[in-house]
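The values are calculated or read from the model by the stated rules, or taken from the named source; none is laboratory data. Model, not experiment: these values are computed from the prediction. Glycine also receives a Cβ, built like all others from the backbone with ideal geometry; neighbour counts cover every protein chain displayed. Please note that ligands, DNA and RNA were not included when accessible areas were found on the heavy atoms of the full protein model with its side chains. Shrake-Rupley method; radii C 1.70, N 1.55, O 1.52, S 1.80 Å.
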Amino acid sequence: MRSFKGRLAFWNVLVLGIVLVAFSIGLLLSNQARASSDLNRELIQSARMAMRPGPPGQGGQPGQEGRAGPGDGRDFGQQPGDNGQPGIADGPLNQRPANRPPLNRLNQFGFDQEGIRQAEMRRPRRFDLDGNSRGPNDDVPFDRPAYDRAVSGVSGFVEVMYGDGPVRVFTASEFGRDNRIVGVVQVARDLRPLTQLWQTQLATFLIFIPLALLLAGGGAAFLTARAIRPIGRMREAAAQITESDMGRRLEVEGQDELAELGNSFNAMVGRLEASFGNLKSANKALAEANENQRRFTADASHELRTPLTRLRLATDIAMAPGATEAERGKAIEVADASTRSMSRLVQELLLLARADAGQMNIRHEALDLRLVASDALSALPDAQAHRVTPKFPNERICAQGDAEALTRVCTNLIENALRHTPATGKITIAVEDHGDRATITVADDGEGIAPEHLARITERFYRVDAARARADGGTGLGLAICQSIVEAHGGRLRVESEVGVGTTVTIEIPKKSAFQIESK
């Protein structure tokens with residue numbers, strides 16, 4: 001992250017530096033061009049002012065109006081023949097040709113050489129076609145080649161050395177009323193102020209640009225750090241999101257691209273959390289299924305071991321030398337009972353396996369639950385059936401399902417009640433209508449079930465009293481089978497019990513309309 005921040009700040013400063021340098025160079029060139037253009041306009045204006053008509057002896061012929069010729073305001077550059085080189089004035093300021101008087105009388109007023117230079121330079125100089133001064137002073141041209149070109153009608157600017165510094169000279173042809181050249185005008189301005197302005201601006205920019213870059217670097221670093229601060233927070237939050245703690249989310253602020261990135265990241269984490277949750281649930285269910293399968297296999301092996309042992313002992317007795325007919329007969333009875341017990345256990349295990357695989361093949365046919373309960377009572381021996389009191393309504397209780405499977409459930413529940421209820425106890429089976437569902441309830445006032453066993457009473461091979469259950473021939477699969485059959489019908493099996501009070505088992509089955517029932 002720091003490397004990225006440094007690169008981003010560097011590129012920001014680099015781009016800003018390039019922009020500042022380009023802007024500074026453009027501004028310097030623009031200022032120089034503007035100052036040079038202003039100076040040229042000033043020279044042209046001064047030349048025009050010098051060409052105005054005046055009295056005799058001060059420019060022009062008597063009664064004649066002088067004017068600038070072609071090129072006085074149009075030809076600003078150096079003309080062919082200048083070669084871009086500054087010219088040289090005709091000697092030092094205080095030295096003139098021997099046959100000419102001094103140019104002015106400023107020396108007698110105490111002016112120094114530079115003052116005299118400035119005064120003479122700013123005064124326009126007018127010449128006739130022979131090179132003689134047309135003014136009150138004995139002037140000479142600032143630049144003789146420029147004068148010669150102006151005599152030929154070519155005006156323009158040149159830069160020459162005058163005294164101790166460079167000057168810009170504008171030379172213009174002066175025309176008369178008949179458009180004939182009657183003279184030449186030269187005006188000059190000192191270039192040192194322009195050079196000093198350029199140097200001052202250049203120095204200012206050389207100081208300003210590094211300072212601006214330094215400030216820009218600090219500002220870029222600050223703004224970059226502030227801009228990528230949300231990314232840092234996202235990185236820290238993302239590092240804290242683990243498989244065991246996927247409830248954390250990034251804090252999203254604003255509506256910019258980083259906020260969209262944070263929302264997308266949160267949505268991705270949410271999907272991952274849901275996927276991990278589903279995976280954990282699937283793994284948990286698979287682990288529970290494996291544990292149930294392991295326990296089921298162990299319990300089934302244990303249950304089969306007892307009848308197999310009894311069968312083996314019975315056959316050993318029957319086949320023992322010297323065994324009497326009575327002993328062989330008793331052994332055959334034991335073997336038959338063990339075989340029946342194993343057959344019943346295998347059938348129950350097969351039924352549960354089909355229920356787990358969703359292959360119970362439940363028939364969905366119209367039936368009356370009163371007939372289901374009556375068939376369960378009819379399957380009992382008379383001595384046991386008389387101990388059960390039926391409570392059926394007069395009207396039919398309609399449902400749709402497998403009559404044989406539901407009859408088996410009722411029979412199993414009644415047998416459990418008979419097994420755990422004294423002979424003097426009371427057992428009832430009732431069928432009731434509850435609107436969208438119907439119930440079959442088997443209740444007794446027997447010994448009841450303790451709360452610690454009640455939650456596990458429908459588990460496979462679970463027995464409240466294992467010794468008594470085996471003695472009575474129970475396998476511990478009855479209630480598990482009943483629950484599987486009821487759930488296959490879309491219903492529910494509820495067990496309510498209290499020790500010393502009794503047990504109530506209720507079967508809830510979705511009810512169907514009466515016209516689906518065929519009369520029997």
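Considering just Cα atoms, how many Å³ per residue does the convex hull of the stretch 315-460 enclose?
Numbers: hull volume 27.4 nm³, N = 146.
Taking the convex hull of the Cα positions in the stretch 315-460, it is 188 Å³ per residue.
Residue by residue through the stretch 222-227, what is 3J(HN,Hα) from phi via Karplus (6.51 cos²θ - 1.76 cosθ + 1.60, θ = phi - 60°)? Round to whole Hz and write x for glycine and proline.
5, 5, 5, 4, 5, 5
Of the GluC sites (Glu not before Pro) in the stretch 357-452, which ones lie in a loop per DSSP and count no more than 16 other C-beta atoms within 10 Å?
Qualifying residues, ordered by number: Glu395.
Taking the highest mean first, how do the peptides 139-147, 231-239, 316-324 order by number of other beta carbon atoms within 10 angstrom per residue?
Averaged packing, sorted descending, gives the order 139-147, 231-239, 316-324.
Select from Ser275, Ala337, Ser301 the residue farthest towards the positive end of the dipole of the stretch 234-354; place +1 on Cβ of Lys and Arg, -1 on Cβ of Asp and Glu, and compute about the Cα centre.
Value computed over the given set: Ala337.
Let me have the relative contact order for the stretch 137-212, percent, based on Cα pairs under 8 Å that are six or more residues apart.
For the stretch 137-212, the relative contact order is 23 percent.
What does the accessible area per residue of the stretch 303-454 come to in Å², with a 1.4 Å probe and no ligands, DNA or RNA counted?
Heavy-atom SASA per residue in the stretch 303-454 reads 56 Å².
In whole percent, how big is the carbon plus sulfur part of the accessible area of the stretch 301-399, probe 1.4 Å, protein atoms only?
Its accessible area is 54 percent carbon and sulfur atoms.
What does the accessible area of Arg271 come to, in Å² to the nearest 10, when a probe of 1.4 Å is used?
For Arg271, the solvent-accessible surface is approximately 150 Å².
Go through the stretch 177-183 residue by residue and turn each phi into a ³J(HN,Hα) via Karplus (6.51, -1.76, 1.60, θ = phi - 60°); whole Hz please, and just put x for glycine and proline.
5, 8, 6, 9, 6, 10, x
Rounded to the nearest percent, how much of the accessible area of the stretch 115-269 (1.4 Å probe, protein heavy atoms only) is carbon and sulfur?
On the stretch 115-269, the fraction of accessible area on carbon and sulfur atoms equals 57 percent.
Need one value: the accessible area of Asp368 in square angstrom, 1.4 angstrom probe, rounded to the nearest 10.
The value for Asp368 is about 10 Å².
In the full protein assembly as shown, how much of Trp198 is accessible to a 1.4 Å probe, in Å² to the nearest 10?
Counting only protein heavy atoms, Trp198 exposes about 80 Å² to solvent.
Applying the Karplus parametrisation 6.51 cos²θ - 1.76 cosθ + 1.60 with θ = phi - 60° to the phi angles of the stretch 125-130, what ³J(HN,Hα) value in whole Hz is obtained for each residue in order, glycine and proline being reported as x?
10, 10, 9, 8, 6, 9
So, counting K/R as plus one and D/E as minus one, what does the shell of residues with Cβ under 13 Å around Arg328 add up to?
Computed value for this residue: -4.
Based on the mean of other Cβ atoms within 10 Å per residue, sort peptides 479-489, 257-267 so the most packed one is first. Before the final figure, lay out the partial values.
Working: 479-489: 20.5, 257-267: 14.5.
Packing proxy ranking, top to bottom: 479-489, 257-267.
Could you put His453, His386 in order of accessible surface area, largest first, with the 1.4 Å probe and the full protein assembly present?
Result of the area sort, largest leading: His386, His453.
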